[in-house]
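Undergrad: Dumping the structure here so I can ask a few things about it.
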């Protein structure tokens, strides 16, 4: 069985759907504080629980023959982490230790970790490769870096094997599963919300960065392609039991203005916008090198075109104007 934390969240729910479709037995563990019950595939076993609950975690690992863990449960918003760093260290790092301890104490030694490009901070070279120094500039990225360090320590002292997947910017939708953060802070869904009139105006946070048009440049990946990478990583970990770290991105950067202009083209309307002050913790450019995962796992992007990513986001928000019902 595969144990998925945060399986009611945006990325976790898509991965759960694909796991089930690939004939894995899945247990979803989620406190639903930021996830959605209706996003969880009904073919999976659902346990409402918090990673802070050590007793429940131990009970679950004693009850079910769990072969591997996919860990998505964390707080993810950079601005929130800058404002409330201790909450992020408590939820992301401390609770992850509870999970790792429960795993090792019950003979489960394989985990796929949902990491982030935020571990790199301001890149020293582009595109960013996995051997780039980890120099996060915000508490969110710091929590991901700390967890990766913990994984190496648990490997050394407890025999744990892991694959850490460092995501760049994820967007899009798959099979009626989409992005429903409350509040939403990610670029593409915010543009779509403005296009649909759910937001009064789209805000561009800063146009004075050292980039070609002054706005931040990011690397965008479709949530479906990201989820497929998790299936490939799981198969590798179950077969080879070897720890690895992989970037997941498109290897192509788009500025905020370029994404905005592309969205106007895809949606077919002018979207109101304004330039506002920079957000704390944002870096000018993040572009991935995904050569390693392509070479070693045979991963490829099937839905990598930016227009497809925007179109899928737009269609999902049209079909779910109020997000998930729970």
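Undergrad: Any chance you could count how many residues in segment 255-299 are closer than 26 Å to residue 164 by Cβ and touching a residue at least 12 places away in the same chain (Cβ under 8 Å)?
TA: Total meeting the criteria: 19.
Undergrad: Could you check residue 184 against (1) part of a loop (DSSP other than H, G, I, E, B); (2) closer than 19 Å to residue 312 by Cβ; (3) touching a strand residue (DSSP E or B) at 6+ places or on another chain (Cβ under 7 Å) and say which number it fails?
TA: (3)
Undergrad: Filter segment 205-216 down to residues that are under 22 Å from the mean Cα position of the chain (by Cα) and surrounded by 22 or more Cβ atoms within 10 Å (Cβ to Cβ), then give me how many there are.
TA: 1
Undergrad: Hey, can you tell me all the residues within segment 21-37 that are over 16 Å from residue 66 (Cβ atoms) and surrounded by 16 or more Cβ atoms within 10 Å (Cβ to Cβ)?
TA: Answer for segment 21-37, where residues must be over 16 Å from residue 66 (Cβ atoms) and surrounded by 16 or more Cβ atoms within 10 Å (Cβ to Cβ): 31, 32, 34, 35, 36.
Undergrad: Is it the case that segment 305-316 has a residue that's assigned to a strand (DSSP E or B) and in contact with a helix residue (DSSP H, G or I) (Cβ under 8 Å, 6 or more places away or on another chain)? Please lay out each step first, then the result.
TA: Restricting attention to segment 305-316, the residues satisfying the condition of being assigned to a strand (DSSP E or B) are none.
There is no residue in segment 305-316 that is assigned to a strand (DSSP E or B) and in contact with a helix residue (DSSP H, G or I) (Cβ under 8 Å, 6 or more places away or on another chain).
Undergrad: Sticking with this structure for a sec: Would you mind listing the strands (runs of 3 or more DSSP E) fully within segment 1-102 where at least 3 residues are within 27 Å of residue 173 (Cβ to Cβ) and touching a residue at least 40 places away in the same chain (Cβ under 8 Å)?
TA: 2-5, 68-71
Undergrad: Next up: Kindly indicate which of 230, 181 is outside the structural domain of residue 286 (by TED's automatic domain parsing), surrounded by fewer than 17 Cβ atoms within 10 Å (Cβ to Cβ) and under 14 Å from the mean Cα position of the chain (by Cα).
TA: From the options 230, 181, the qualifying one is 181.
Undergrad: Would you confirm whether any residue within segment 238-250 is assigned by TED's automatic domain parsing to the domain that holds residue 153, surrounded by 13 or more Cβ atoms within 10 Å (Cβ to Cβ), modelled with pLDDT of 95 or more and assigned to a helix (DSSP H, G or I)?
TA: Yes; the residues of segment 238-250 include at least one that is assigned by TED's automatic domain parsing to the domain that holds residue 153, surrounded by 13 or more Cβ atoms within 10 Å (Cβ to Cβ), modelled with pLDDT of 95 or more and assigned to a helix (DSSP H, G or I).
Undergrad: Got at least one residue in segment 124-131 being within 28 Å of residue 323 (Cα to Cα), touching a residue at least 40 places away in the same chain (Cβ under 8 Å) and in contact with a helix residue (DSSP H, G or I) (Cβ under 8 Å, 6 or more places away or on another chain)? Step through it out loud before you land on a result.
TA: The initial filter retains those residues of segment 124-131 that are within 28 Å of residue 323 (Cα to Cα), namely none.
Checking segment 124-131: not a single residue is within 28 Å of residue 323 (Cα to Cα), touching a residue at least 40 places away in the same chain (Cβ under 8 Å) and in contact with a helix residue (DSSP H, G or I) (Cβ under 8 Å, 6 or more places away or on another chain).
Undergrad: Now a separate question. So residue 146 clears everything in (1) in a helix (DSSP H, G or I); (2) more than 25 Å from residue 91 (Cα to Cα) except one condition, right? Which one?
TA: Going through the list (1) in a helix (DSSP H, G or I); (2) more than 25 Å from residue 91 (Cα to Cα), residue 146 breaks only (2).
Undergrad: Now, a different point. Output yes when any residue across segment 290-304 is under 30 Å from residue 208 (Cβ atoms) and either surrounded by 16 or more Cβ atoms within 10 Å (Cβ to Cβ) or in contact with a strand residue (DSSP E or B) (Cβ under 8 Å, 6 or more places away or on another chain) (or both), and no when none is.
TA: To start, the set of residues in segment 290-304 that are under 30 Å from residue 208 (Cβ atoms) comprises 290, 304.
With either surrounded by 16 or more Cβ atoms within 10 Å (Cβ to Cβ) or in contact with a strand residue (DSSP E or B) (Cβ under 8 Å, 6 or more places away or on another chain) (or both) added as a condition, the list becomes 290, 304.
Taking every residue of segment 290-304 in turn, at least one turns out to be under 30 Å from residue 208 (Cβ atoms) and either surrounded by 16 or more Cβ atoms within 10 Å (Cβ to Cβ) or in contact with a strand residue (DSSP E or B) (Cβ under 8 Å, 6 or more places away or on another chain) (or both).
The values are calculated or read from the model by the stated rules, or taken from the named source; none is laboratory data. Source: prediction; values computed, not measured. Every residue, glycine among them, receives a Cβ derived from its backbone with ideal geometry; neighbour counts consider all protein chains shown.
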